[in-house]
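Heads up, the thing below is written out as structure tokens.
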Amino acid sequence: MICTVKQSAIAPMINGSDTIFRRKSPLTVQRSLCLPSITVQKNSKPILCVSKPLHVSSIESFSVSKPQKESLITCKAYEADRSQPIQAEGTKSEVARKVKIGIYFATWWALNVVFNIYNKKVLNAFPYPWLTSTLSLACGSLIMLVSWATRIAEAPKTDYEFWKTLFPVALAHTIGHVAATVSMSKVAVSFTHIIKSGEPAFSVLVSRFLLGEAFPAGVYMSLIPIIGGCALAAVTELNFNMTGFMGAMISNLAFVFRNIFSKKGMKGKSVSGMNYYACLSLLSLLILTPFAIAVEGPQMWAAGWQTAVSQIGPHFVWWVVAQSVFYHLYNQVSYMSLDEISPLTFSIGNTMKRISVIVSSIIIFHTPVQPVNALGAAIAILGTFLYSQAKQ
């Protein structure tokens, strides 16, 4: 509890917390408190608040402006059961907020790395990306339905208009999710994420030519290293596959439209980040399921499942469960972090996430990387970082 005493021509004040004493007559603060004599004039405002004994920690005396010809005495104090003055509550809350954001970021990156590792393991043994994508959405939807039913999480209050505006977002999310999974089934995880780091280029081009938005010159300049780095990485990729490359490109375009639809449709909607992504998963699952059955089908899934289990063993089932659960968790945490941070901070965090995924996948899967390929990846990621800075 900080206590301040000021001597002025108006009235001194000691700030405390609970009990308020009002003085109707002049008051003299005794010298036993180690303070100079201060005469308090009549004032209708509260001048003393005390809940615990206070110890004086410092006294400062200085003069104000010359025309007023008066002086101020500032006395800082702390409660008797404390050894030092209390920090301002604003400082504590800001520190707590930064710690919370740091936990969000660390959890987001860790979950994303784990998902990509298990996702690639599943796709290597079970090359059916449509079913794998469907299981990821189904697992997340089931987790949230159970959470709402058991009241672990508060169910969102939605209406027809909400789901109507969410539909184009879910459609773009579904296309982007499946395209990325198809890409990872054909090429290395690191290559997919290098190409996906070019998403800002698609964002600028779509916003400029379809929406008519204008950007500062720095934004356009940042696209040069992004496009150049992605092109250099693609040309020098040892295990290049056109299907994998196009899957990553389609994923970029789809996620750009998802972000655009989300910004337009969710204005004024009071749904938390966690519940918003849960609703998005449910609607995406309904969209994706019939297409997954039509493209691959139960017969292919059954044959592929038997082959994978016979080759890998019971661990394969754990891989499928892990990649589905971690996919939902990392996306949920990323949407929850959007409630706490600015778009710029989120963009920087997303760039750092890609670096962690690329490096960890290269180490774990022993992906062969040429120096010029690594240079292309570094240039593309640097361009992504510059883009996030220039856009803000």
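The values are calculated or read from the model by the stated rules, or taken from the named source; none is laboratory data. All of these numbers come straight from a predicted model, not from anything done at the bench. Glycine also receives a Cβ, built like all others from the backbone with ideal geometry; neighbour counts cover every protein chain displayed. Note: areas computed on protein heavy atoms with side chains; ligands, DNA, RNA excluded. Shrake-Rupley method; radii C 1.70, N 1.55, O 1.52, S 1.80 Å.
Return the only residue of Ala294, Ala374, Ala308 being part of a helix (DSSP H, G or I) and either surrounded by fewer than 16 Cβ atoms within 10 Å (Cβ to Cβ) or basic (Lys, Arg) (or both).
Numbers: Ala374 fails: either surrounded by fewer than 16 Cβ atoms within 10 Å (Cβ to Cβ) or basic (Lys, Arg) (or both); Ala308 fails: either surrounded by fewer than 16 Cβ atoms within 10 Å (Cβ to Cβ) or basic (Lys, Arg) (or both).
After applying the criteria, what remains is Ala294.
Could you run through region 102-128 and say how many residues are open to solvent by less than 30 Å² (accessible area, probe 1.4 Å) and either in contact with a strand residue (DSSP E or B) (Cβ under 9 Å, 6 or more places away or on another chain) or not in a helix (DSSP H, G or I) (or both)?
Summing the residues that are open to solvent by less than 30 Å² (accessible area, probe 1.4 Å) and either in contact with a strand residue (DSSP E or B) (Cβ under 9 Å, 6 or more places away or on another chain) or not in a helix (DSSP H, G or I) (or both) in region 102-128 gives 1.
Under 9 Å between Cβ atoms, at least 6 apart or on separate chains: pull out the pairs that start in region 366-392 with a residue that is under 17 Å from Ile224 (Cα atoms) and end on any residue that is among the basic types (Lys, Arg).
Qualifying pairs under 9 Å: Ile381/Arg354; Thr384/Arg354.
Could you tell me which of the residues Ile381, Ile358, Ile341 is assigned to a loop (DSSP other than H, G, I, E, B) and either on the phi > 0 side of the Ramachandran plot or not charged (D, E, K, R) (or both)?
Ile341
Restricting attention to region 225-265, report how many residues are assigned to a loop (DSSP other than H, G, I, E, B) and open to solvent by 30 Å² or more (accessible area, probe 1.4 Å).
Of the residues in region 225-265, 4 are assigned to a loop (DSSP other than H, G, I, E, B) and open to solvent by 30 Å² or more (accessible area, probe 1.4 Å).
Can you name the residue in region 336-367 that is open to solvent by 70 Å² or more (accessible area, probe 1.4 Å) and within 29 Å of Phe240 (Cβ to Cβ) and is also modelled with the lowest pLDDT among such residues?
Let us first name the residues in region 336-367 that are open to solvent by 70 Å² or more (accessible area, probe 1.4 Å), namely 338-339, 343, 352, 359, 363-364, 366.
Okay, now just the ones that are also within 29 Å of Phe240 (Cβ to Cβ), so 352, 359, 363-364, 366.
On the way: Met352: 79, Val359: 89, Ile363: 91, Ile364: 91, His366: 89.
Across region 336-367, the extreme among qualifying residues is Met352.
Restricting to region 140-158, give me the number of residues that are assigned to a helix (DSSP H, G or I) and surrounded by 13 or more Cβ atoms within 10 Å (Cβ to Cβ).
Applying the first criterion (assigned to a helix (DSSP H, G or I)) to region 140-158 yields 140-149.
Remaining after also requiring surrounded by 13 or more Cβ atoms within 10 Å (Cβ to Cβ): 140-145, 147-148.
Going through region 140-158 one residue at a time, the tally reaches 8.
Does Tyr220 fit the bill of being surrounded by 19 or more Cβ atoms within 10 Å (Cβ to Cβ) and among the aromatic types (Phe, Trp, Tyr)?
Numbers: surrounded by 19 or more Cβ atoms within 10 Å (Cβ to Cβ): no; among the aromatic types (Phe, Trp, Tyr): yes.
Here the answer is no, as Tyr220 does not meet what is asked.
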